[in-house]
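Below you'll find the structure, written out as structure tokens, and then a few comments.
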Amino acid sequence: QPEQVTMEDCLGRTASLEELHHEVESLFLREFGCKPDSVVYAPGRVNIIGEHTDYNDGFVLPMALPLVTMMAGKRIESNVVNVVTGGKDVTTRLTPGSPKDICVSFPVPDPKQERRDGAQRIPDVEWANYVKGVLVNYKRLCGAFNSAIVSTVPLGGGLSSSAALEVATYTLLEQLFPIDHPVTPVEKALACQEAEHVYANVPCGIMDQFVSVMATENHLLCIDCESMRVTQVPFQNPHVVVLITNSNVRHNLGSSEYPVRRQQCEAASKAMGKRSLRLCTLEDLEAAGIEDETIKRRAHHVISENARVQQAIESLKTTDYYRLGALMNESHASLREDFAVSCPEIDLLVDIAQRQPGVYGSRITGGGFGGCTVTLVKRSHVDDLMKAIYDGYASPERRPNFYVCNASGGAAVFNTGT
């Protein structure tokens with residue numbers, strides 16, 4: 001019989017950059033016998049509001065997390081890329097359940113050949129394809145290198161562990177194989193998105209890569225997914241925090257309902273004669289007379305969610321956290337009822353949170369079908385909230401993990417002493 005987990009077991013650790021640097025350098029030294037030349041990192045993200053709107057050319061409002069993927073690297077004279085991943089207590093294993101370091105080697109890819117003949121995916125090691133995909137999409141030809149990866153971004157929790165890995169890889173390549181004319185942040189994010197589309201077969205929108213590249217500390221990032229314009233939205237209050245609760249119910253976007261939702265949204269916009277749901281109103285939806293109730297409900301979520309993002313930005317301008325929280329609650333109800341991407345475990349977490357004192361609002365975040373909830377809460381009440389969720393959710397079969405977060409910065413080079 002599995003034992004009941006304790007509250008302490010559930011506290012997710014957001015290791016400092018210095019701790020991660022020590023760990024990734026030690027891993028690199030252990031595997032390759034020398035120190036790396038460059039160390040970089042890229043954050044995961046949580047989306048405060050604007051769910052399943054990004055691939056519909058809509059609006060999203062994510063923030064970068066203090067949970068990051070860190071990579072160390074060094075050029076070598078060879079034609080092979082060697083990537084090792086490991087992890088101790090502070091980090092997430094890219095290969096869950098594996099107690100030892102795992103090193104993957106593959107030939108330096110030829111981008112022209114890969115584009116001509118189709119993506120040559122690396123079998124059996126899913127995460128390595130994200131790295132290879134970024135190499136193929138990098139602005140210049142890469143050579144051989146050794147690299148080590150550690151991460152505190154939980155896998156499969158809807159916090160963009162994949163985008164953090166892609167953006168960290170691109171940031172490392174910028175150090176190891178500099179470009180004469182550096183790419184723009186948008187170009188960098190789109191190259192990473194393309195890697196995920198082609199090498200992981202996940203038709204993701206632009207949000208995850210954009211925020212991992214462009215986030216700034218103490219700001220949310222409003223992304224207009226049609227024009228690709230970004231706006232930094234101040235979000236700093238010492239009395240308010242974001243609590244992420246990982247349900248530890250895992251999902252795999254590639255084989256789940258995610259592609260189905262995209263198709264349903266495209267069918268709805270087509271029925272209304274518009275290029276995307278971004279351009280549609282609720283009046284358009286009513287007038288279109290769509291007979292398929294499921295398609296209609298999917299569209300209703302996206303159209304109303306876009307409006308909620310705009311209202312959320314307005315509420316932040318006046319620091320009206322009660323209004324922002326109410327919008328988050330509405331978003332969850334819409335994702336549960338109209339978009340049907342929640343599940344009983346997530347609904348339980350949200351229900352417990354919404355009933356606690358000091359909570360402004362709570363909702364599912366990420367692709368759905370498990371993963372995490374995001375809750376806006378008064379700092380003075382966060383410990384009581386975690387205890388209430390633990391008491392109502394934890395069992396010998398399942399445990400929540402908690403991360404108390406503030407809005408963090410985007411990808412960067414780690415410099416010792418900074």
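Evaluate region 157-174: report whether one residue or more is part of a loop (DSSP other than H, G, I, E, B), over 19 Å from residue 102 (Cβ atoms), in the same structural domain as residue 23 (by TED's automatic domain parsing) and of a type in the set (Asp, Glu).
Looking for residues that are part of a loop (DSSP other than H, G, I, E, B), over 19 Å from residue 102 (Cβ atoms), in the same structural domain as residue 23 (by TED's automatic domain parsing) and of a type in the set (Asp, Glu), one finds none in region 157-174, hence no.
What is the residue count in region 7-46 for residues that are assigned to a helix (DSSP H, G or I), more than 22 Å from residue 100 (Cα to Cα) and in contact with a strand residue (DSSP E or B) (Cβ under 6 Å, 6 or more places away or on another chain)?
Count: 1.
(1) outside any helix (DSSP H, G or I); (2) at pLDDT below 95: which one isn't true of residue 262, the others all being true?
Going through the list (1) outside any helix (DSSP H, G or I); (2) at pLDDT below 95, residue 262 breaks only (1).
Just checking, how many residues over region 170-223 are surrounded by fewer than 20 Cβ atoms within 10 Å (Cβ to Cβ), of a type in the set (Asp, Glu) and more than 23 Å from residue 114 (Cα to Cα)?
The number of residues fulfilling the criteria is 2.
With at pLDDT below 95, among the polar types (S, T, N, Q) and surrounded by 21 or more Cβ atoms within 10 Å (Cβ to Cβ) as the only criterion, which of 416, 365 stands out?
The unique qualifying residue is 365.
Determine, yes or no, whether residue 345 is among the acidic types (Asp, Glu) and farther than 28 Å from residue 232 by Cβ.
Values: among the acidic types (Asp, Glu): yes; farther than 28 Å from residue 232 by Cβ: yes.
So residue 345 fits the description; yes.
For region 146-165, which positions are touching a helix residue (DSSP H, G or I) at 6+ places or on another chain (Cβ under 8 Å), farther than 17 Å from residue 17 by Cα and buried (at least 24 other Cβ atoms within 10 Å of the Cβ)?
146, 147, 160, 162, 163
Test residue 327 against the stated conditions and say whether it is closer than 22 Å to residue 280 by Cα and either assigned to a helix (DSSP H, G or I) or among the polar types (S, T, N, Q) (or both).
yes
Just to be sure I understand, how many residues within region 1-44 are out of contact with any Lys or Arg (no Cβ under 6 Å at 6 or more places or on another chain) and either under 25 Å from residue 408 (Cα atoms) or not assigned by TED's automatic domain parsing to the domain that holds residue 214 (or both)?
Number satisfying all stated conditions: 30.
Residues checked against (1) closer than 21 Å to residue 225 by Cα; (2) outside any loop (DSSP other than H, G, I, E, B); (3) at pLDDT 95 or above:
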site: 244; (1), (2), (3): no, yes, yes
site: 248; (1), (2), (3): no, no, no
site: 266; (1), (2), (3): yes, yes, yes
site: 283; (1), (2), (3): no, yes, yes
site: 295; (1), (2), (3): no, yes, yes
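The values are calculated or read from the model by the stated rules, or taken from the named source; none is laboratory data. Remember, predicted model here, so these are calculated numbers, not experimental data. Using ideal geometry, Cβ is built from the backbone for each residue, glycine included, and neighbour counts are taken over all protein chains shown.
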